[in-house]
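Please read the structure below before turning to the comments.
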Amino acid sequence: MKERLRKLFTNVWNIPNALTMLRLVLIPVFVYLFWKVDRKAALVVFLVASLTDMLDGMLARKLNQITDFGKLFDPLADKVMVLTALICQGLAGVFPWSAIIIVCCKELVMLLGGVFMLSKNVVVYANYFGKTAQVFFIISLVLSFFHDELAAQNLPLDIILLWVTVGLALLAMAVYIFGAVKTILSRRKDPPAEN
């Protein structure tokens, strides 16, 4: 365990990881602005956080600065930021709680599944549906800050897109589980060769 933690926090200080840490710091800033100051200011923070999400992965690959810290905390920061914004919009009466609860349950299943897969030393990478769902979550959340304007035009694009995104997220989870089960079963069929 000590070795894993040491490896996790080795070579942490680089630009991609700094952007990931910035995104984590921006989460409480977003919440404060959303409830205490101005929701459009919170939207700006959300957009900045989303921009750092795009930049850190791109820079990590371009600068060859992919680390265990980044692999763990980059997707974690994304999920926490999106879930925080979803819950805020749920509490504000914009997004339906049924959709938010489904997303939270899906993320819990994915977290527990990830821990289980890690214990089996199995890595299942993010799939196309999951990446698409993440982008759609961001778009639906941005639109949610204009919910009243959209509702006035009888065009609830934020709600429609949210439900489309929930469907994509569930599909991504199904594909992830299928890939995980397939990997585990293939390992059982093909045990490692003896030296």
Keeping to segment 54-87, report how many residues are within 24 Å of residue 163 (Cα to Cα) and surrounded by fewer than 21 Cβ atoms within 10 Å (Cβ to Cβ). 8
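For the subset of segment 34-44 comprising residues that are surrounded by fewer than 21 Cβ atoms within 10 Å (Cβ to Cβ) and under 21 Å from the mean Cα position of the chain (by Cα), which member is nearest to residue 93 (Cα to Cα)? Explain how you work it out, then say what you get.
At the first step, the residues of segment 34-44 found to be surrounded by fewer than 21 Cβ atoms within 10 Å (Cβ to Cβ) are 35-41, 43-44.
Right, trim to under 21 Å from the mean Cα position of the chain (by Cα) and you get 43-44.
Numbers: 43: 17, 44: 20 Å.
This residue is 43.
Please verify whether segment 35-42 includes one or more residues that are at pLDDT 75 or above and part of a loop (DSSP other than H, G, I, E, B).
Just the residues of segment 35-42 that are at pLDDT 75 or above, to begin with: 35-42.
Within this subset, residues satisfying the condition of being part of a loop (DSSP other than H, G, I, E, B) are 38.
Within segment 35-42 (the criterion being at pLDDT 75 or above and part of a loop (DSSP other than H, G, I, E, B)), the answer is yes, since at least one residue qualifies.
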Determine the pairs where a residue that is in contact (Cβ under 8 Å) with a residue 12 or more places away in the chain, located within segment 12-28, has a partner that is part of a helix (DSSP H, G or I) and among the charged types (D, E, K, R) with Cβ atoms under 7 Å apart, the partner being 6 or more residues away or on another chain. 16/56; 19/56; 20/56; 20/74; 23/53
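I'd like to check which helices (runs of 4 or more DSSP H) are fully inside segment 75-185 and have at least 3 residues that are touching a residue at least 40 places away in the same chain (Cβ under 8 Å) and not assigned by TED's automatic domain parsing to the domain that holds residue 42.
On the way: elements: 97-119, 128-144, 147-152.
Those helices (runs of 4 or more DSSP H) span 97-119, 128-144.
Scan segment 25-74 for residues that are polar (S, T, N, Q) and within 20 Å of residue 143 (Cβ to Cβ) and report the count.
As a first pass, look at segment 25-74 and keep what is polar (S, T, N, Q): 50, 52, 64-65, 67.
Subsequent filtering for residues that are within 20 Å of residue 143 (Cβ to Cβ) retains 50.
Total meeting the criteria: 1.
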When segment 114-145 is checked residue by residue, the ones that are among the polar types (S, T, N, Q) and at pLDDT below 90 are 119, 121, 127, 132, 134
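Condition (residue is of a type in the set (Phe, Trp, Tyr), in contact with a Ser or Thr (Cβ under 9 Å, 6 or more places away or on another chain) and modelled with pLDDT under 85) applied to segment 64-84: is it met by at least one residue? Reasoning before the result, please.
Quick first cut of segment 64-84, residues of a type in the set (Phe, Trp, Tyr) only: 69, 73.
Narrowing further to those that are in contact with a Ser or Thr (Cβ under 9 Å, 6 or more places away or on another chain): 69, 73.
Then keep just the ones that are modelled with pLDDT under 85; that gives 69, 73.
Yes - at least one qualifying residue is present in segment 64-84.
The values are calculated or read from the model by the stated rules, or taken from the named source; none is laboratory data. This structure is a prediction, so every number in the text was calculated from the model and none was measured. Every residue, glycine as well, gets a Cβ built from its backbone with ideal geometry; the counts of neighbours run over all protein chains shown.
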